[in-house]
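A.B. asks: First the structure, then my questions, so here it is.
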Amino acid sequence: MFSKEGTAKDVKTPRICDVVWHDGEFIKWNDARVHVMSHVLHYGSSVFEGIRCYATKRGPAIFRLREHIQRFLNSAKIYRMDHPWTLDQLCNASIELARRSGMDQCYIRPILFRSLDEEHPAFGVNPFPNPLACYIGAWDWGKYLGDEAIEQGVDVCVSTWNRLTANSMPAMAKSGANYMNSQLIKMEALLNGFAEGIALDDRGYVSEGSGENIFIVHGDVVLTPPLSSSILPGITRDSVIQICQELGITVKERTIQRAALYVADELFFSGTAAEITPIRSVDRITVGRGGRGPITEKIQKVFFEVTKGERPAPGDWLTYINEPAQKSTDNNGFAGAIDEAELKVSV
Ligand SMILES: Cc1ncc(COP(=O)(O)O)c(C=O)c1O
């Protein structure tokens, strides 16, 4: 039907944790299974998170765990998933899973979904009759956009697919169903020889990558689309904003036109999986001098020093899994946006 050359490559996964947390207990990886008639498989009814645990000198440390779990709870709330789990319980479960994995570093994946009650099966779209199931798995995951991407940058395209509209599929919820849109963006990019696609929102402004937020550097100013451009309120995005503020780099949330991508001095993606990945071309137009720009490099350097525990973070960002719980602030300084006023209108 079409050439799939080069599209079957996945992110390197050297190890998978052999236990999975399920509704309060640890089960074997092989026992973490669902019925094929589960609501989630037919109607996309899941919410999930992606969290990285980094290797540091003080042992593995989970990056911005509470903020990720808070977003998980927010996603569940938007989809009226009435589960019993608290922020603390899910944080502790993630910490315990990371400990049991025995890995120095890993990626943690909590997921909550509508399952199937085999004794009283319900097959309609109405999700309410179906039981909820919550699982957390973990694996060691390599560089999401390739090993070289972090230094050399990636070649991307603007997708012909738009990002979700705020009143159809809310992009601020990290729901499994949103990733059908992401898959359209990603497949199109890969089949056309690009590493990733950038989606525009329904008004034609820059939104985000299929699995990353985007930043644009113009002169000495860093810009990123606001939440109202149908983006996921990325936790790495928030970290970049706070790092810029700490470095004295001006950072603003602004609606961004597609053409601004072509004339940017620098562009980069941010995300838990992609971390901070420079973009070296868009639609085969070279960005700046065609590699990692100096501001991107500066932000990236601080980000990696922080995640490795080599430099103090602007907030309480690392949870060392082998140390007694540290006192943390309510939101660990997570604003999700630069300007609280803007955040309120955007959300
Ligand atoms: C669509 C989308 N946007 C942005 C992001 C970045 O979010 P975060 O930095 O919280 O991982 C992700 C990553 O999960 C994503 O899937």
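Bear in mind these aren't lab numbers, they're just calculated from the coordinates by the rules spelled out. Computed from a predicted structure; not experimentally measured. Note: ideal-geometry Cβ built from the backbone for every residue, glycine included; neighbour counts use all protein chains shown.
A.B. asks: Once the Cα atoms of helix 87-101 and of the chain are each reduced to a long axis, what angle between those two axes, in degrees from 0 to 90 to the nearest 10, is obtained?
C.D. replies: For helix 87-101, the angle is close to 90 degrees.
A.B. asks: Would you mind ranking 163, 99 so that the residue whose beta carbon has the fewest other beta carbons within 10 Å leads the list?
C.D. replies: 99, 163
A.B. asks: Taking residue 143 as the anchor, which aspartates and glutamates have their alpha carbon closer than 16 Å to its alpha carbon, excluding any fewer than eight residues away along the same chain?
C.D. replies: Leaving aside aspartates and glutamates fewer than 8 places away in the same chain, those within reach of residue 143 are 10, 104, 151, 155, 196, 212, 275.
A.B. asks: Roughly how many whole Å is it from the C-alpha centroid of region 121-143 to that of region 39-98?
C.D. replies: That distance is 12 Å.
A.B. asks: Which of the three applies to region 1-145, rounded, prolate or oblate, going by the alpha-carbon gyration tensor with a ≥ b ≥ c and a/c under 1.5 meaning rounded?
C.D. replies: In terms of gyration-tensor shape, oblate.
A.B. asks: Considering amide H positions built from the backbone, and no H for Pro or chain starts, which residues 5 or more places from residue 140, or on another chain, come under 5 Å of its amide H?
C.D. replies: Amide H neighbours of residue 140: 15, 16, 17, 107.
A.B. asks: With the cut-off at 34 Å, report for the chain the share of all Cα pairs above it, as a whole percent.
C.D. replies: When all Cα pairs of the chain are counted, 23 percent exceed 34 Å.
A.B. asks: Between rounded, prolate and oblate, where does region 163-227 land on the alpha carbon gyration tensor, with a ≥ b ≥ c its root eigenvalues, rounded for a/c under 1.5, else prolate if a/b exceeds b/c?
C.D. replies: Cα axes put region 163-227 in the oblate bin.
A.B. asks: Still on this model: Which ³J(HN,Hα) values, rounded to whole Hz and listed in residue order, are derived for region 237-246 from phi using the Karplus coefficients 6.51, -1.76 and 1.60 in 6.51 cos²θ - 1.76 cosθ + 1.60 with θ = phi - 60°, glycine and proline given as x?
C.D. replies: Karplus-based 3J(HN,Hα) across region 237-246 equals 4, 4, 5, 4, 4, 5, 5, 4, 4, 5 Hz.
A.B. asks: Hey, any idea what Rg/Rh is for region 40-107, computing Rh the Kirkwood way over Cα pairs?
C.D. replies: 1.04
A.B. asks: What residues have an amide H closer than 5 Å to that of residue 46, excluding those fewer than 5 places away on the same chain, when H is modeled at 1.01 Å from N in the peptide plane?
C.D. replies: Hits under the 5 Å cutoff: 176, 177.
A.B. asks: At 222 nm, what value in deg cm²/dmol follows for the chain if DSSP H runs of at least 4 each add -39500 (n - 2.57) and the sum is divided by all its residues, to the nearest 500?
C.D. replies: -7500 deg cm²/dmol
A.B. asks: Using a 10 Å cut-off around each Cβ, can you sort 139, 29, 21 from fewest to most neighbouring Cβ atoms?
C.D. replies: 29, 139, 21
A.B. asks: Hey, another quick one. Across region 292-297, in residue order, what do the Karplus-derived ³J(HN,Hα) couplings come to in whole Hz, using 6.51 cos²θ - 1.76 cosθ + 1.60 with θ = phi - 60° and x for Gly and Pro?
C.D. replies: Result, ordered by residue: 7, x, x, 6, 4, 4 Hz.
A.B. asks: Going down the list 174/252; 186/298; 57/77; 9/308; 252/308, which pairs span over 32 Å between their C-alpha atoms?
C.D. replies: Violating the 32 Å Cα-Cα cut-off are 57/77.
A.B. asks: Still on this structure, I have one more. Would region 143-289 count as rounded, prolate or oblate if I go by the C-alpha gyration tensor, calling it rounded below 1.5 in a/c and otherwise prolate when a/b exceeds b/c, oblate otherwise?
C.D. replies: rounded
A.B. asks: Can you tell me which of 171, 274, 32 moves the most in a GNM of the chain? Springs connect C-alpha atoms under 10 Å apart.
C.D. replies: 32
A.B. asks: Can you work out the Karplus-derived ³J(HN,Hα) for every residue in region 156-170? Use 6.51 cos²θ - 1.76 cosθ + 1.60 with θ = phi - 60°, whole Hz, and x for glycine or proline.
C.D. replies: Per residue, the Karplus-derived 3J(HN,Hα) values read 10, 10, 8, 6, 7, 8, 7, 6, 4, 8, 4, 9, 10, 10, x Hz.
A.B. asks: Taking the Cα atoms only, what angle lies between the long axis of helix 65-78 and the longest principal axis of the chain, rounded to 10 degrees?
C.D. replies: Tilt of helix 65-78: around 70 degrees.
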